[in-house]
Each structure stands twice: as structure tokens, then as C-alpha cells.
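The values are calculated or read from the model by the stated rules, or taken from the named source; none is laboratory data. From a predicted model like this one, the values you see are computed outputs, not experimental measurements. Cβ atoms come from the backbone with ideal geometry, glycine included; neighbour counts cover every protein chain shown.
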């Protein structure tokens, strides 16, 4: 049986990896939106 500290350690490790992947996903999503927005702005100025 795992001790309480081991359980907490695994929990924090899982939480950290999850929030890291979540943060990376939202960052890439935000970058994609920013690129589209910049493309639209520059596209309108070019016309």
C-alpha cells in the first residue's frame, strides 16, 4: 500500500503535467488566434 506522501507526490506530478499540457495547448491556441487576427488586420490594410 502506498503511503500518503507518495499518493500526494503522484497527485502533484499528475496535476503539474496536466496543467503544463493545458497551458501549452491554450498558448498555441492563443498564438493561432493572434496570427489570424494579424493576418486579417494586415489584409485589410493591403486592400
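Quick look at the numbers
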quantity: Hey, residue 34 more than 9 Å from the chain's Cα centre (by Cα) and surrounded by 10 or more Cβ atoms within 10 Å (Cβ to Cβ) or not; calculated: yes
quantity: Residue check, residue 45 assigned to a helix (DSSP H, G or I), out of contact with any strand residue (DSSP E or B) (no Cβ under 9 Å at 6 or more places or on another chain), at pLDDT below 90 and exposed (fewer than 10 other Cβ atoms within 10 Å of the Cβ); calculated: yes
